[in-house]
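A quick write-up on the structure given underneath.
The values are calculated or read from the model by the stated rules, or taken from the named source; none is laboratory data. Computed from a predicted structure; not experimentally measured. Cβ sites come from the backbone with ideal geometry, for glycine too, and all protein chains shown count toward neighbours. Please note that ligands, DNA and RNA were not included when accessible areas were found on the heavy atoms of the full protein model with its side chains. Shrake-Rupley method; radii C 1.70, N 1.55, O 1.52, S 1.80 Å.
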Amino acid sequence: MIRTVRLIRSPLSIAGMVLTTISAVVFLVVFFADLFGMHSNPYIGIVFFLILPGIFIFGLILIPLGAWIERRRRAAGKTASEWPRIDLNNPDHRRVAVAIFALTMVNIVIVSLAAYRGVEYMDSTQFCGQACHSVMKPEATAHADGPHARVTCVECHIGAGATWFAKSKLSGTRQLLAVSFHTYSRPIPSPVQNLRPARDTCEQCHWPAKFSGDKIRRITEYAGDEKNTPSVTTLEMHVGGAEGPGDAVGIHWHADAANEIDYISTDDKRQVIGSVRVKDRTGAVREYAAEGVTPEQLAKGEHRRMDCMDCHNRPSHQMAASAERAVDSRWLAPRSRPACRSLAAKR
């Protein structure tokens, strides 16, 4: 055992012990600092929860590697090298064995904490929206200002389950390389391909069948004249739904699980629909084809099952259709607040 201890005194093993010790201490300090909310910079998370655990594991690998190299060096010219003899009845051997076991348990705890915190950090909105800010800044800004600001990115883009978790990490590796070498698309192409079906993500919170009835929506716009004359457009939205037995009605007829709507888009933006196939709850099938579309175009097009995202295509990254619409929405919000306060005062 004394001989084994001497083997890990090689320069490579000592370097591994230094890396492991330093990275373990720094990680634990930063872990508890993060636990108490003492930092908020997204790059600190990348360094300490992704890079530092890698250095820790690299140091652990260097320790036995250095001992192995040292053994090979000392055993040069011999036919074989002996394995160390461990005798737990020997007090020295026993103390070293207990120390190694205790340090191994500590290392397992540190690696487990690092892995858990690293995965948790990579699943945070902060990581998705700020760490890659040059890529995702517009989407992160719209998300923070939208109705889904408290919903994390992974809840919609990944969802639950090990299969999609693994797919997301593989896709994330590709995206990390694209960001590192500046090979990502500018702007980010839309629609997002291979997005998880909305029934696995959106419908964990929203239930289309229960959104019944009509909704009134008022859109206020302001003219470019001196008085900024307002005009109001009132829309009655026939949302419908499928509450109770019978066929669904309204817009959400398309989202009823009993109805299957498949379509083929002949362009990469899903704006040109070549054909539509509808199967209702009775099993009746209807097919529609656009004029002038050839079978070759349909064969090359994208075949897709319609879901929520085909209509609500930017639910978490809402952007105004024009600069005028953006100004109108911002102008309307402050003007409505005094009326709400006066109404509350009257009550």
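What pairs come up if the first residue lies in the range 100-127 and is part of a helix (DSSP H, G or I), the second is open to solvent by 70 Å² or more (accessible area, probe 1.4 Å) and modelled with pLDDT of 75 or more, and their beta carbons are under 7 Å apart, counting only those six or more places apart or on different chains?
Close Cβ pairs satisfying both conditions: Val111/Ile57.
Can you tell me which residues in the range 86-99 are open to solvent by 80 Å² or more (accessible area, probe 1.4 Å) and touching a residue at least 40 places away in the same chain (Cβ under 8 Å)?
Within the range 86-99, just Ile86 meets the criteria.
Kindly evaluate Arg174 against the criterion of being open to solvent by 100 Å² or more (accessible area, probe 1.4 Å), within 30 Å of Asp247 (Cα to Cα) and either modelled with pLDDT of 80 or more or hydrophobic (A, V, I, L, M, F, W, C) (or both).
The answer is no for Arg174.
Among the candidates Lys167, Lys227, single out the residue that is open to solvent by 60 Å² or more (accessible area, probe 1.4 Å) and modelled with pLDDT of 85 or more.
None of the other options fit; the residue is Lys227.
Condition first: at pLDDT below 70, buried (at least 17 other Cβ atoms within 10 Å of the Cβ) and farther than 27 Å from Glu120 by Cα. Can you find one or more residues in the range 62-72 that meet it?
Among the residues of the range 62-72, not one is at pLDDT below 70, buried (at least 17 other Cβ atoms within 10 Å of the Cβ) and farther than 27 Å from Glu120 by Cα, which makes the answer no.
When residues of the range 292-321 are filtered for being closer than 30 Å to Ala142 by Cα, of a type in the set (S, T, N, Q) and open to solvent by less than 90 Å² (accessible area, probe 1.4 Å), how many remain?
1
Can you pull out the strands (runs of 3 or more DSSP E) entirely within the range 213-268 that have at least 1 residues that are of a type in the set (Asp, Glu) and more than 28 Å from Glu291 (Cα to Cα)?
Result: 215-222, 230-237.
One residue is enough: does the range 191-203 have a residue meeting the conditions touching a residue at least 60 places away in the same chain (Cβ under 8 Å), at negative phi, out of contact with any strand residue (DSSP E or B) (no Cβ under 6 Å at 6 or more places or on another chain) and open to solvent by 80 Å² or more (accessible area, probe 1.4 Å)?
Taking every residue of the range 191-203 in turn, at least one turns out to be touching a residue at least 60 places away in the same chain (Cβ under 8 Å), at negative phi, out of contact with any strand residue (DSSP E or B) (no Cβ under 6 Å at 6 or more places or on another chain) and open to solvent by 80 Å² or more (accessible area, probe 1.4 Å).
Looking at the range 313-335, I want the residues that are of a type in the set (Asp, Glu) and have a partner that is modelled with pLDDT of 80 or more and not in a helix (DSSP H, G or I) with Cβ atoms under 8 Å, at least 6 apart or on another chain. Which pairs are those?
Partner pairs satisfying both residue conditions: Glu324/Glu221; Asp328/Thr220; Asp328/Glu221; Asp328/Tyr222.
Of the residues Ser180, Ser185, which single one is exposed (fewer than 11 other Cβ atoms within 10 Å of the Cβ), among the polar types (S, T, N, Q), closer than 20 Å to Met309 by Cβ and free of Cβ contacts under 8 Å to residues at least 24 places away in the same chain?
After ruling out the rest, the residue left standing is Ser185.
Kindly list the number of the only condition in (1) open to solvent by less than 60 Å² (accessible area, probe 1.4 Å); (2) assigned to a loop (DSSP other than H, G, I, E, B) that fails for Glu139.
(2)
(1) modelled with pLDDT of 80 or more; (2) over 14 Å from the mean Cα position of the chain (by Cα); (3) open to solvent by less than 70 Å² (accessible area, probe 1.4 Å): which one isn't true of Gly244, the others all being true?
The number of the failed condition is (1).
Within the range 267-279, identify whether any single residue is over 33 Å from the mean Cα position of the chain (by Cα) and open to solvent by 40 Å² or more (accessible area, probe 1.4 Å), and answer yes or no.
Yes; the residues of the range 267-279 include at least one that is over 33 Å from the mean Cα position of the chain (by Cα) and open to solvent by 40 Å² or more (accessible area, probe 1.4 Å).
What's the number of the only condition in (1) farther than 30 Å from His143 by Cα; (2) of a type outside the set (D, E, K, R); (3) touching a helix residue (DSSP H, G or I) at 6+ places or on another chain (Cβ under 8 Å); (4) at pLDDT below 85 that Ala255 fails to meet?
Condition not satisfied by Ala255: (1).
Spot the failing condition for Cys156; the list is (1) under 23 Å from Arg305 (Cβ atoms); (2) open to solvent by 40 Å² or more (accessible area, probe 1.4 Å); (3) not in a helix (DSSP H, G or I), and only one is missed.
Exception for Cys156: condition (3).
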